[in-house]
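Derivation of every value follows stated rules applied to the coordinates shown; laboratory data play no part. Keep in mind it's a predicted model, so treat the numbers as computed, not measured. For neighbour counting, all protein chains shown are included, and Cβ atoms are generated from backbone atoms with ideal geometry for every residue, glycine included.
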Amino acid sequence: MQKRALTIAVAAIAGGLAFGTQAVAQDDPQAAQGLYSANDIIGADVYHADDPDEEVGNVENILLDDDGQVSALVVNAGGLWGMGGDDVVVGIEHFTMETERNDDGIFDQDGVTHRILVDATEDELENFPEYDEQWFGDEQDRRTQERGDQEGVWQTTGTTGTGAVGDDGGTAFRDGEADGDTVGATDGVNDNGDDDAEYTDEDVVDDFD
């Protein structure tokens with residue numbers, strides 16, 4: 001998986017919506033919202049579940065896996081948590097998110113406010129890994145080896161599966177593409193005539209500078 005997909009991806013996290021859920025979601029801070037913007041989550045305040053009034057940090061990044069699911073958050077806790085460094089990796093099993101919607105707010109600016117509640121013991125907090133290039137590379141290699149040759153959502157989105165924006169249960173295609181064509185496919189020819197850009201080791205280093 002390309003690192004760039006993790007650091008700049010807009011996280012669309014599908015939640016099961018039923019009729020009338022929008023009204024419920026406005027009253028219940030833990031209700032599913034249906035769709036989330038990474039722009040609203042990055043920078044969100046972070047609290048420990050045992051002391052939800054004491055802010056301990058903020059969200060720096062969102063890590064996604066090959067299935068497009070949120071795997072972890074990168075939290076800047078100012079060195080209070082983890083084995084060293086300000087930024088630590090908080091796995092999905094250790095946090096929940098509350099959402100407050102501001103009907104008078106501006107879309108994609110202050111219309112939605114999230115806050116993260118981390119639920120972990122003292123020992124778990126102390127053992128949160130530091131988010132750095134070494135950890136990222138090791139974790140990426142481990143997950144790649146475990147997955148083997150199985151394709152991820154980043155390779156199949158737009159051809160099969162669920163969760164496409166506006167999905168009505170059928171296959172998503174762009175205008176002019178026939179049923180069964182891969183989205184964006186041009187019979188092996190790039191539209192702009194250029195080779196696909198390669199993601200280099202220098203790009204990875206830049207992300208941790």
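A few comments on the model shown:
- Couplings 3J(HN,Hα) for the stretch 37-52, derived from phi with the Karplus relation 6.51 cos²θ - 1.76 cosθ + 1.60 (θ = phi - 60°), are 9, 4, 4, 7, 7, 5, x, 4, 6, 10, 10, 8, 4, 7, 9, x Hz, where x marks Gly and Pro.
- Close amide H contacts of Ala120 (hydrogens built in the peptide plane, cut-off under 5 Å, sequence separation of 5 or more or a different chain): Ala49.
- Segment Asp53-Thr144, length gained on full extension (0.36 nm per residue, minus Cα span): 28.9 nm
- Amide H partners (placed H, <5 Å) of Ala44, local residues excluded: Val59
- Under Karplus coefficients 6.51, -1.76 and 1.60, residue-wise ³J(HN,Hα) of the stretch 61-73 in Hz, glycine/proline x: 7, 10, 9, 10, 9, 5, 8, x, 8, 5, 9, 6, 10
- Each Lys or Arg adds one and each Asp or Glu takes one away; over the other residues whose Cβ falls under 14 Å from the Cβ of Gln69, this sums to -2.
- The H on the amide N of Val112, modeled in the peptide plane, is under 5 Å from the matching H of Asn102, each at least 5 residues off or on a different chain.
- ³J(HN,Hα) computed for each position of the stretch 122-130 - Karplus, 6.51 cos²θ - 1.76 cosθ + 1.60, integer Hz, glycine/proline x: 4, 5, 5, 4, 5, 9, 4, x, 6
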